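Below you'll find the structure, written out as structure tokens, and then a few comments.
Each reported figure results from applying straightforward, stated rules to the coordinates on display, with no laboratory input. No experiment lies behind these values; they were computed from the predicted model shown. Cβ placement follows ideal geometry from the backbone for every residue including glycine, while neighbour counts extend to all protein chains displayed.
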Amino acid sequence: MLEKTIQARESRLGPSEEARGVKRRVCEWWDARPCGSRVSEEEIGSMAFFEEVERHRYAQEPHIPEVADFAAWKGRAVLEIGCGLGTDLLQFARAGAHVTGVDLTPRAVELTSRRFDVYGVEGRFQVEDAEELSFLDDTFDLVYSNGVLHHTPNTQKAVDEIHRVLKPGGQAIVMLYHRHSYNYWVNICLLRRLAFALIRRGVSVQILAALTGIHVDLLREYENIISGRSEWTLQDLLNISTDGPGNPLSKVFTRGEAKQMFHRFGSVQTKVYWLVKKNVPIFGKYIPGPLDYALGRLMGWALYVLAIK
């Protein structure tokens, strides 16, 4: 039953002109705003820019080094699907891995290549579609993808490609957005949905910011978007609430759905992290680190699949 549910959802954006159109929009969206680039006002591509991006990433998501275990891959062949600005890929390379970074967007590939040049680190980078990788079977020891495959129309096809290019005994570490999380059920489905409804009724964005904890500038963007459309679905809300207004596609998965997508692997585990406490109104900033971590392990937004071929 679960497999049929996933197949039905994925088939809605299967190998059709609609899916190709979504993928084009996804590419254009992320090419114009490489993941993580908005956290720094330094010149894009400068060492100062890359340093600030790295500090911000691991301050906001301190679980990443724990899950990725960069040092464990020394001397091994590592592929990152959706390398973005190359922040995590650089850590694998610094630890001695032989790294390849791919991304759907030329801009991300360009910036990752520049980053490695800035630090004098070797790597290989190219534009690739996660659903149709160009690599030979049994090529990599690790395929790593953090927060990427929920943006491609056919996530199952991308997972099948990961299985194909991994060596026997190789490992996949993949992060997907988690449906059974605080961020989805409370922040998106409740608070942001409420904010949308109240904006439609003319409630001040300043009042909504105080009530929901959503930044007033983001609410103003919502206000502009809402004025241009008469109807909104939960999928529309999910898209714009994950990576910003205009984001073409985001998906969320349960642990069971994630495990089912990786059913061809011999061993599959799931773990969740990252409460995203900035999205907890009023009290979020007061949540201490240990409690933040513990709550993230219970209702985190980052669903990691750890699978061995």
Give or take rounding to whole Å, what are the principal axis extents of the alpha carbon atoms in region 182-243, in descending order?
26, 25, 18
Quick one: if the Förster radius is 51 Å, what FRET efficiency do Arg25 and Ile308 give, using the C-beta to C-beta distance and rounding to 0.05?
0.90
Residue exposure sequence - Ile64, Ile225 - by fewest surrounding Cβ within 10 Å:
Ile225, Ile64
Applying 1/(1 + (r/R0)^6) with R0 = 30 Å to the Cβ-Cβ distance of Asp236 and Glu66, what FRET efficiency is obtained, to the nearest 0.05?
0.35
Mind giving me the FRET efficiency for Tyr119 and Thr139? R0 is 22 Å, r the Cβ-Cβ distance, nearest 0.05 is fine.
0.30
Taking a label point 7 Å from the Cα of Asn224 along Cα-to-Cβ, the residues of region 20-62 whose backbone nitrogen sits under 16 Å from it are 33
Sort Leu237, Leu275 so the one with the fewest other Cβ atoms within 10 Å of its own Cβ comes first.
Leu237, Leu275
Each residue of region 159-164 in turn: what ³J(HN,Hα) in whole Hz from Karplus with 6.51, -1.76, 1.60 and θ = phi - 60°, glycine and Pro shown as x?
5, 4, 5, 4, 4, 5
Stretched out fully, how many nm does the piece from Leu291 to Tyr58 gain, at 0.36 nm a residue minus the Cα gap?
82.1 nm
Give the angle, between 0 and 90 degrees and rounded to the nearest 10, that separates the Cα long axis of helix 2-11 from the longest principal axis of the Cα atoms of the chain.
80 degrees
Mean-position separation - Cα centroids, region 194-270 and region 111-153, in angstrom
27 Å
Modelled label-to-label distance, Lys271 and Leu194, 7 Å Cα→beta-carbon offset: nm?
3.4 nm
What are the ³J(HN,Hα) values, in whole Hz, obtained from phi via the Karplus relation 6.51 cos²θ - 1.76 cosθ + 1.60 with θ = phi - 60°, for each residue of region 86-96 in sequence order, with x given for Gly and Pro?
x, 5, 6, 4, 5, 5, 4, 5, 4, 7, x
